[in-house]
Amino acid sequence: MTDAIPQLLSHDEAALDQAFATLEAQVRAEAATLTTAEAQENFRLHWLGRKQGRLKLISEAWLKSAPAEARKPLGIRFNQLKQQIEQALEVQAGAPKTAVAGIDITLPGLVREPGIEHPLLKAMHEIVAVFHNLGYSTNLGPQVETDFYNFEALNFPPNHPARDTQDTLLVADQQKKPSRDRLLMRTHTSPVQIRTMVAQAPPVRIVIPGKVHRNDAADATHSPIFHQVEGLCVDTNITFSDLKGTLDHAMKALFGSAVKTRFFPSFFPFTEPSADVQISCIFCGGKGCRKCKHSGWIELLGCGMVDPAVFAAVTSERRKTDPADDAYNPEKISGFAFGMGVERIAMIQHGISDIGHFYSGDMRFLEQFA
Ligand code: PHE
């Protein structure tokens, strides 16, 4: 390494360029020989050392004797030289060293585990696939929904007590808007029924998977955010027996062909008649056990025939763009809808007792589904 401080004979541009070209050539030549970590450190100290570094000594010597107008061009060139040295060090740091002290090549390598589908999404995809096989297609809608789609068009009038059954998370500062435009987190996937029918004339066969939100305290079976799969079928001559046959098939596809279904009366504002669907207990085969609270049956989903009031709300929306629209005239068409909780189905499928496992991110839980 050259240690003498070179002389700067003149301060004109040409002299400066030449002097710095010489320094740069030195840096390049030295940088090319840095094959060990030790050599690199010596190079760094030699050029950039804070007290005795060459860059510091040369710049002091040259700046001291320089006329005021030469300080700026000198400063610029010293900065460039410094950058060149730093770059040389970075390149070397990235290059393989001949000395591999500190790396034990006999240690096992890092294994990247292949990812798996989350058990909830897996269940959701399974449910959706059952309906795809029946000719349904998928629709999605927003999680931040308006009061109109989430409630009003589904026959929950403003201030009606039926709304109390779905503890709703409201978006703040909506009071100035008309009731139908106020934003909330959707409490179910049913608003997408309305969005679909407003956009598309019958026949309709859709499944709607997605996240829903309710102001529920978390416990072993509740979570403020959970998932549903909704279904909607509208066509001419759709009857309650179509609904029963479709859901009986779907439950057998999901839980095994030995499963039986039973329907009994229930209430939803947007279906009439409405039913809750139970399946025979998959743990005891219907004999009665702790899981089915000794009844032999497990309640799984809600369903019903689309209420004419829903078709009326859809029609008045559609008439905003086509005043003659009559596609959803309940004298001509009918339909059924159903909605199920994905967590609940996955918990029954796998015998999971706490809904919180799905959201914990605990690999010991998730790996079981690989
Ligand atoms: N949206 C209802 C709920 O979340 C379920 C449902 C959907 C019931 C479709 C009937 C028809 O409780």
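The values are calculated or read from the model by the stated rules, or taken from the named source; none is laboratory data. Just so it is clear, the model here is predicted, and its values are computed rather than measured. As a convention, Cβ positions derive from the backbone with ideal geometry for all residues, glycine included, and neighbour counts pool all protein chains shown. Ligands, DNA and RNA are excluded from the accessible area calculation, which covers all protein heavy atoms including side chains. Shrake-Rupley method; radii C 1.70, N 1.55, O 1.52, S 1.80 Å.
Over all pairs of distinct alpha carbons, what does the Kirkwood formula give as the hydrodynamic radius of region 33-168, in Å? Walk me through the intermediate numbers first.
Working: mean 1/r = 0.0423 Å⁻¹.
When all Cα pairs of region 33-168 are included, the Kirkwood radius is 23.7 Å.
Absence of a disulfide-compatible partner, taken as no other cysteine beta carbon within less than 4.7 angstrom, is noted in the chain for Cys233, Cys303. Listed by chain and number, the lysines placed with their C-alpha closer than 19 angstrom to that of Lys293 are Lys260; residues fewer than eight positions away on the same chain are left out.
Tell me the net charge near Cys233. Cut-off is 12 Å between Cβ atoms, Cys233 excluded, with +1 for each Lys or Arg and -1 for each Asp or Glu. Here the count lands on -2. If one computes P(r) from the Cα atoms of the chain, what percent of pairs lie at distances over 28 Å? That fraction is 62 percent. For the chain, the dipole from Cβ point charges (+1 on Lys and Arg, -1 on Asp and Glu) about the Cα centre works out to 400 debye, to the nearest 20.
Membrane-span-like helices in the chain (whole DSSP H runs, Cα extent of at least 24 Å along the helix axis, mean Kyte-Doolittle hydropathy of at least -0.5): 13-31.
Run the accessible area of the chain with a 1.4 Å probe and give the carbon-and-sulfur part as a rounded percent. Working shown, then result.
Details: 11260 of 20570 Å².
It is 55 percent, rounded to a whole number.
Its relative contact order, with pairs defined as Cα atoms under 8 Å and 6+ residues apart, puts region 135-286 at 21 percent.
Filter the cross-link list Lys122/Lys177; Lys177/Lys244; Lys51/Lys72; Lys177/Lys332; Lys244/Lys320; Lys211/Lys287 down to pairs whose alpha-carbon distance in this structure exceeds 31 Å.
On the way: Lys122/Lys177 39 Å; Lys177/Lys244 41 Å; Lys51/Lys72 23 Å; Lys177/Lys332 36 Å; Lys244/Lys320 35 Å; Lys211/Lys287 34 Å.
Beyond 31 Å between Cα atoms: Lys122/Lys177; Lys177/Lys244; Lys177/Lys332; Lys244/Lys320; Lys211/Lys287.
Taken per residue, the accessible surface of the chain reaches 56 Å², heavy atoms only and a 1.4 Å probe.
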